[in-house]
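Okay, so here's the structure we're looking at.
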Amino acid sequence: MLELKNCSKKYGNKVIFENVSYTFYNNIYWLKGENGIGKSVFLRCLSNIEEFSEGIYKNNFKKILYIPEFSLNEDWLTLEENIRLFMYYHNIKITENTFKEILKKLNINDFSIFPYKASMGTNLKTIFSLIFIPKVWSLIVIDETLSHIDIKTQNIIFNELKKRVSEGTIIIFTYHGILNSHKFIELTLKKEGIFCD
């Protein structure tokens, strides 16, 4: 569970958002809002990358996965080596067979290439390898990353995220576009708070 009570975020005198009160349970939440309203800032606060300026933020999270809208790949490593590095960073140990199964699910044609030779979407897919690991994440936050991923892989990712929800994970994502194939709890962030659509 993730509980917010009267949370706000300010940079100096500039108020980004305020009076955010909401309780998240294990489900998939689609966070919407106008461009520049502070969705990314809000997600970084939820992920403990930044702190809320005021309010009460309660969670019982053991492990948080934050996926930004830019590639985290190291250019001097192949795509496969980058995935192995992500697993290492998060202290995830899996069998070689499980690793190969994850590679297949990511829908990447060639894992032996370097990031600078791959498209933006392909580069972003590598970090999604971590969502295929069961029973690890308390919270998964996806900040616009899905907007750059092809629809086939999006569907694979959403189906996998549903499995994580069944394990008790809370998932919050932002996305600019239309998503008709899946059901989510839709929330809108405004300067004066968060609202359920």
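Here, each number is a calculation from the coordinates, and none is a lab measurement. What you see is a predicted model, and the numbers here were worked out from it, not measured in a lab. Don't worry about glycine lacking a Cβ; one is built from the backbone with ideal geometry, like all the others, and counts go over all protein chains shown.
Values computed for the structure shown
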| quantity | calculated |
| --- | --- |
| Two-site FRET efficiency, Ser21 against Leu77, from Cβ-Cβ distance with R₀ of 35 Å, rounded to 0.05 | 0.25 |
| Ascending count of other beta-carbon atoms within 10 Å, so fewest first, for Tyr11, Tyr57, Tyr29 | Tyr11, Tyr57, Tyr29 |
| Assigned charges on the beta-carbon of Lys, Arg, Asp, Glu; the chain dipole about Cα centre (debye) | 420 |
| Kyte-Doolittle mean at least -0.5, axial Cα span of 20 Å or more - DSSP H helices of the chain | 151-166 |
| Neighbour-limited loop hits for trypsin sites (Lys or Arg not before Pro), the stretch 38-82 (at most 11 other Cβ within 10 Å; DSSP other than H, G, I, E, B) | Lys62 |
| Exposed GluC sites (Glu not before Pro) absent: longest stretch of the chain, with sites in DSSP loops and at most 15 other Cβ within 10 Å deemed exposed | 75-166 |
| Those trypsin sites (Lys or Arg not before Pro) in the stretch 72-128 that DSSP places in a loop and that have at most 14 other beta carbons within 10 Å | Lys93 |
| Taking His148, His90 and counting other C-beta atoms within 10 Å, the order from fewest to most | His90, His148 |
| Burial ordering of Trp137, Trp76, fewest other beta-carbon atoms within 10 Å first | Trp76, Trp137 |
| Where only alpha carbons of the chain are counted, the Rg and the Dmax (Å) | 17.0, 53 |
| Added length on full extension, which subtracts the Cα-Cα distance from 0.36 nm per residue, Ile151 to Tyr57 | 30.4 nm |
| Cut-off 13 Å, label 7 Å out along Cα→Cβ of Lys10, residues of the stretch 51-66 by amide N | 53-55 |
| Among Leu72, Ile127, Leu31 - extreme Cα towards positive end, dipole of the stretch 2-196, charges at beta-carbon | Leu31 |
